[in-house]
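Here's the structure, in structure tokens; my notes come after.
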Amino acid sequence: MAEAVKAAAARQLPAFKLGQRQVYLPTHIITMLHKEHLPANEACFQVPITFTKFDLRDYLWNLYNVEVKTVRSYVKGRPLAERPNRPGSTYRPQALKIMTVELAQPFQWPALPADRAPWNHELFEMREASFAARRDDQYNAANRIIPMASRQPRTEERKKLAGLAKDLLSGRKKWSNQVQLDSKWDAIVQEATAGAKPGSAKKESAAERIALEKDAKDAATRTNPKPEQ
């Protein structure tokens, strides 16, 4: 009990008059924004559009015991956006309300941790990249822009595929799909392999020979039709 009394006595009242409105189950969301250009005795917050300067001042004091000297606010309009699943239909999102407060005591942002894996930073970057790609796709679709695939940055998969194609063309690697062909193709494969060697004379391939034999049979059938019964 004595410690509670000492803590209450140590917590002096601020230099301003506190409000009398009591909020038990708040539904508002207040976000502290990192503005590098602000001095150490100022902080920036994004607040609900219905928030007043007195609300933010009392909020910081009652929850965090942070005394505020002055509060500046402005409403930031947002550009038109396309409605989801309704191409061509646009609307204006709700404006953002930004407040900048002057603190009685300076505040220093902590340095970013070197290892951000415990906070799933890689997943965050993947999500941001996905959102950016989706916004670009929506913009291109709205403005009827067809992005050229040749102008897009090459992915790792395309780079590996290009390197594999160079190796196959140069002969450093041989292509194989690990499928055993039927025996009727052995002669064609052997002749194709022999014809690929430098200095080998060009011979009639098995495929050409089979095609010529088939053409000869068709010509004989047309020349000697079957007798009518």
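The values are calculated or read from the model by the stated rules, or taken from the named source; none is laboratory data. This structure is a prediction, so every number in the text was calculated from the model and none was measured. All Cβ positions, even for glycine, are placed from backbone atoms using ideal geometry, and neighbour counts span all protein chains on display. SASA here: full protein model, heavy atoms, side chains in, ligands and nucleic acids out. Shrake-Rupley method; radii C 1.70, N 1.55, O 1.52, S 1.80 Å.
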Residues Ser130, Ser170, Ser176, Ser150: which one is open to solvent by 80 Å² or more (accessible area, probe 1.4 Å), out of contact with any Phe, Trp or Tyr (no Cβ under 7 Å at 6 or more places or on another chain) and either more than 30 Å from Leu56 (Cα to Cα) or not assigned by the TED database to the domain that holds His37 (or both)?
Ser150
For region 64-88, which positions are touching a strand residue (DSSP E or B) at 6+ places or on another chain (Cβ under 7 Å) and in a loop (DSSP other than H, G, I, E, B)?
Val66, Arg78, Leu80, Arg83
State yes or no: is Leu112 under 30 Å from Asp136 (Cα atoms), of a type in the set (A, V, I, L, M, F, W, C) and in a loop (DSSP other than H, G, I, E, B)?
yes
Quick check: anything in region 59-70 closer than 13 Å to Thr100 by Cα, surrounded by 13 or more Cβ atoms within 10 Å (Cβ to Cβ), in contact with an Asp or Glu (Cβ under 6 Å, 6 or more places away or on another chain) and in the same structural domain as Ile98 (by the TED database)?
yes
Take the conditions open to solvent by 100 Å² or more (accessible area, probe 1.4 Å) and basic (Lys, Arg) and apply them to Arg83. Does it pass?
no
Could you grab me the full set of residues in region 63-84 that are without any contact (Cβ under 8 Å) to a residue 24 or more places away in the chain and either in contact with a Gly (Cβ under 9 Å, 6 or more places away or on another chain) or more than 27 Å from Gly19 (Cα to Cα) (or both)?
Gly77, Arg78, Pro79, Leu80, Ala81, Arg83, Pro84
Does Arg144 satisfy being within 34 Å of the chain's Cα centre (by Cα) and either over 28 Å from Glu82 (Cβ atoms) or surrounded by 12 or more Cβ atoms within 10 Å (Cβ to Cβ) (or both)?
no
Can you pull out the residues in region 41-58 that are open to solvent by 50 Å² or more (accessible area, probe 1.4 Å) and either free of Cβ contacts under 8 Å to residues at least 40 places away in the same chain or not in a strand (DSSP E or B) (or both)?
Asn41, Ile49, Thr50, Thr52, Lys53, Phe54
Based on what the data block shows, is Lys97 part of a strand (DSSP E or B), open to solvent by 100 Å² or more (accessible area, probe 1.4 Å) and not hydroxyl-bearing (Ser, Thr, Tyr)?
no
